[in-house]
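A short worksheet on the structure shown next.
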Amino acid sequence: MDGVILLIAIGVIGAVIGFIIAKAVEKSKGKKLLNSTKKEAAAILKEAKIDAESLKKDKILQAKEKFIELKSEHEKVILAREKKISDVEKRIRDRESQVASELDKNKKLNKALEQKQSDFEYKLGFLEKKENELEKMHKRHVDMLEQISGLSADEAKKELVASLKDEAKTEAMAFIQNSIEEAKLTAEQDARKVVLNTIQRVGVEQAVENCVSVFNLESDDVKGRIIGREGRNIRALEAATGVEIIVDDTPEAIILSCFDPVRREVARLSLHKLVTDGRIHPARIEEVVKKTEKQITQEIIEVGKRTVIDLGINGLHPELIKTVGRMKYRSSYGQNLLQHSREVANLCGIMAAEMGLNAKMAKRAGLLHDIGKVPDAESELPHALLGMQWAEKYGEKPEVCNAIGAHHDEIEMKSLISPIVQVCDAISGARPGARRQVLDSYIQRLKDLEDIAFGFTGVQKAYAIQAGRELRVMVESTKVNDEKAAELSFGISQKIQNDMTYPGQVKVTVIRETRAVNVAK
């Protein structure tokens, strides 16, 4: 029993000792942890103080820099204001000095004017005195002459007038005689002009022969296919090309009539393609006409290139080459414009070479002198000035431009090339039968008819056919209804009646066509 108790007592004592030891160990660990925590806190505080000091220093530096920057800006503003003030003060001083100098000048001028005025008054008085003396002297001289001649002043005037009349009559007779002699010299030239004009009028072909083309057929069977059911093919071809197609009893031939050579050529080539292909119907006709128009445009360019190459002209602008090609389908007083221009170019080259001038430049000016006659759109300028504008636009030399603009004396000639072009143009156009005024006026009348129609709203196409006796007008169906079509026909006819002079009657036909087109895909 005592052993058990001893054991228990030893166990209790051991537990107490272990507890005490554990508490001591725990207390020592807590102290160590506290000390480490204090050290870390101290390190953090120290680091925070260092960061705060550095931040403080940075802020102070930034504040100083900002202060310095603001100070410099303020100083700049102050300097600018001081400079403005000094400039204003300088201007004011200059103005004051200028005003002072002007005042001094005005004073000097006033003094000079006063001096001149006094001198003028003195001279005026002196002149009046001299004038009175001259009048008295003149009167004495007249009295002396009357006494010497035994005639009064009025009688002497009458004799002087009579002698002047006799002298004037003599001079007038001499002038009349000279005028008669000059008239005799010019009468022969005028007579030659009359003879030349007479020859030209006799040699003129009828206008219709210059406005028609004959399309030959292999057989008359093709005529029916060209006409189409109820004439629909011919109507489609006329509407697409603006050319009147005449199918009559002429064997194996169809006549194409139009004053515009380009439209007539388009119609001829289109008809040839249609007959060769065999498919002739309205849709095919429109397709072929569009392709032919493109072909004619390309042919115009080729004609211009060939002409330029033949004449040895280099560096011509493509638009001017195209304009030269269009001359093939234009005429001037019945004379083909391209042939006329080529002839003038060759004449200019020869004449310039004979005179020792630049033959190539003269050829260039001669070829381009009438480009103003083939405009894309109508212009109110004379063709010479319009051609000069085109030449300037496309980079031609001033001598060439002046020659083009001055060949009808619209502007002053500034180089020797200009009179050469004028003379050669007259040489080419003055040959008997070269030009025909009647045909040109006829073609101009047909163009005026079409232009009147285009002046109305809704007109899409307009063609003058049958030698100007009929005007066919195609209108847009979306803009012009049936009632407006009738009003348009009446309005155009009244406009033609009031503004134009023409023989016979002009029939105005307004055509309004509605199409419904869909595509199956």
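Considering only residues that are assigned to a helix (DSSP H, G or I), within 14 Å of G387 (Cβ to Cβ) and open to solvent by 20 Å² or more (accessible area, probe 1.4 Å), which ones fall in the range 299-321? Give the derivation first.
If we filter the range 299-321 for residues that are assigned to a helix (DSSP H, G or I), which is where we start, we get 299-311, 318-321.
Still in the list and also within 14 Å of G387 (Cβ to Cβ): 319-320.
Result: E319, single match.
For the range 381-414, give me each residue that is surrounded by fewer than 21 Cβ atoms within 10 Å (Cβ to Cβ) and part of a loop (DSSP other than H, G, I, E, B).
L381, P382, Y394, G395, K397, H408, D409, E410, I411, E412, M413, K414
Report yes if S379 is of a type in the set (G, A, S) and at pLDDT below 85, otherwise no.
Working: of a type in the set (G, A, S): yes; at pLDDT below 85: yes.
Criteria met by S379.
Of all residues in the range 460-487, count the ones that are aliphatic (A, V, I, L, M) and either touching a Cys at 6+ places or on another chain (Cβ under 9 Å) or open to solvent by 20 Å² or more (accessible area, probe 1.4 Å) (or both). If you could, list the steps in order and put the result at the bottom.
Of all residues in the range 460-487, those aliphatic (A, V, I, L, M) come to 462, 464-465, 467, 471, 473-475, 480, 485-486.
Those left that are additionally either touching a Cys at 6+ places or on another chain (Cβ under 9 Å) or open to solvent by 20 Å² or more (accessible area, probe 1.4 Å) (or both): 464-465, 467, 474, 486.
Selection size over the range 460-487: 5.
Which residue out of A464, A453 is touching a helix residue (DSSP H, G or I) at 6+ places or on another chain (Cβ under 7 Å) and in contact (Cβ under 8 Å) with a residue 60 or more places away in the chain?
On the way: A453 fails: in contact (Cβ under 8 Å) with a residue 60 or more places away in the chain.
Step by step, each of A464, A453 is checked, and only A464 is touching a helix residue (DSSP H, G or I) at 6+ places or on another chain (Cβ under 7 Å) and in contact (Cβ under 8 Å) with a residue 60 or more places away in the chain.
Which is free of Cβ contacts under 8 Å to residues at least 40 places away in the same chain and crowded, with 22+ Cβ neighbours inside 10 Å, of A365, A359, A353, A345?
Details: A365 fails: free of Cβ contacts under 8 Å to residues at least 40 places away in the same chain; A359 fails: crowded, with 22+ Cβ neighbours inside 10 Å; A353 fails: crowded, with 22+ Cβ neighbours inside 10 Å.
None of the other options fit; the residue is A345.
The values are calculated or read from the model by the stated rules, or taken from the named source; none is laboratory data. It should be emphasised that the depicted structure is a prediction, and the values quoted were computed from it without experimental measurement. A quick note on method: Cβ atoms are made from the backbone with ideal geometry, for glycine too, and the neighbour counts reach across all protein chains shown. Quick note on the areas: whole protein, heavy atoms, side chains included, nothing else; ligands and nucleic acids left out. Shrake-Rupley method; radii C 1.70, N 1.55, O 1.52, S 1.80 Å.
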